[in-house]
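Everything below concerns the one structure shown next.
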Amino acid sequence: MKIIIINGPNLNLLGKREPEIYGSQTFESYFDGLKAKFPQIELVYFQSNIEGELISKIQEVGFTYDGIVLNAAAYTHTSIGIGDAVKAISTPIIEVHISNTFSRETFRHQSYISPNAKGVIIGFGMKSYDLALQSFL
């Protein structure tokens with residue numbers, strides 16, 4: 001089973017950025033733990049701050065991978081293009097968010113990804129990624 005985790009803007013700053021919301025662990029160290037915890041899954045990781053790169057990656061893997069775990073970060077709430085890319089592919093997507101977006105600013109309550117995602121996991125910190133991977137097993 002081959003699954004990719006795709007992270008959007010500012011998630012490259014995990015471990016430094018707003019630790020009261022996002023915690024103090026870098027995603028790279030967390031990803032190493034995921035690979036050890038899920039040895040039966042071939043895990044790939046991609047991060048970009050650029051909307052078009054995220055769309056290109058979704059299109060690139062969207063017909064060949066077994067699953068996508070997508071945290072589009074702020075683009076979740078603004079990018080019709082990412083929403084359209086999710087709708088266009090056949091690979092199932094689990095939308096994840098580290099924080100509870102519904103306990104934050106009102107604009108974060110809208111998702112252009114959710115209507116075409118297999119599921120949505122919100123607010124469990126980094127554990128949201130674990131839960132998404134478990135959903136594919």
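Selection over segment 73-95 of residues that are out of contact with any strand residue (DSSP E or B) (no Cβ under 9 Å at 6 or more places or on another chain), assigned to a helix (DSSP H, G or I) and of a type outside the set (F, W, Y) gives a count of 9. Here V86 meets the list (1) among the β-branched types (V, I, T); (2) closer than 22 Å to S29 by Cβ; (3) at pLDDT 95 or above almost entirely, failing just condition (2).
Taking F124 as the residue in question, decide whether it is assigned to a loop (DSSP other than H, G, I, E, B), farther than 17 Å from I5 by Cβ and open to solvent by 40 Å² or more (accessible area, probe 1.4 Å). No, not satisfied.
Exactly one residue out of L70, L131 is buried (at least 18 other Cβ atoms within 10 Å of the Cβ), modelled with pLDDT of 95 or more and in contact with a strand residue (DSSP E or B) (Cβ under 7 Å, 6 or more places away or on another chain): that is L70. Kindly establish whether Y45 is within 11 Å of I6 (Cβ to Cβ) and either assigned to a loop (DSSP other than H, G, I, E, B) or of a type in the set (V, I, T) (or both). Judged against the criteria, Y45 is not a match. Of all residues in segment 89-113, those satisfying the criterion of being modelled with pLDDT of 95 or more and under 25 Å from Y30 (Cα atoms) are T91, P92, I93, I94, E95, V96, I113.
Among the residues of segment 40-66, write down those that are closer than 14 Å to A85 by Cα and open to solvent by less than 90 Å² (accessible area, probe 1.4 Å). Across segment 40-66, the qualifying residues are E51, G52, E53, L54, I55, S56, K57, I58, V61, G62. For beta carbons closer than 7 Å, sequence separation of 6+ or different chains, a first residue in segment 18-39 that is open to solvent by 50 Å² or more (accessible area, probe 1.4 Å) and a second that is small (G, A, S), the qualifying pairs are I21/S99; S24/G15; Q25/G15; T26/G15.
Here's a check for you: in segment 1-17, which residue that is surrounded by fewer than 16 Cβ atoms within 10 Å (Cβ to Cβ) and not small (G, A, S) is farthest from Q47 (Cα to Cα)? Only one residue fits best here, namely M1. Residues in segment 74-101 that are of a type in the set (G, A, S) and surrounded by fewer than 19 Cβ atoms within 10 Å (Cβ to Cβ) were compared, and the one that is nearest to S135 (Cα to Cα) is S90. For segment 102-121, the set of residues classified as loosely packed, with under 14 Cβ neighbours inside 10 Å, in a loop (DSSP other than H, G, I, E, B) and not basic (K, R) consists of E105, Q110, listed by residue number.
The values are calculated or read from the model by the stated rules, or taken from the named source; none is laboratory data. Computed from a prediction, not measured in an experiment: that's the story for all the values here. Glycine also receives a Cβ, built like all others from the backbone with ideal geometry; neighbour counts cover every protein chain displayed. Keep in mind that these areas ignore ligands, DNA and RNA; they rest on the heavy atoms of the full protein, side chains included. Shrake-Rupley method; radii C 1.70, N 1.55, O 1.52, S 1.80 Å.
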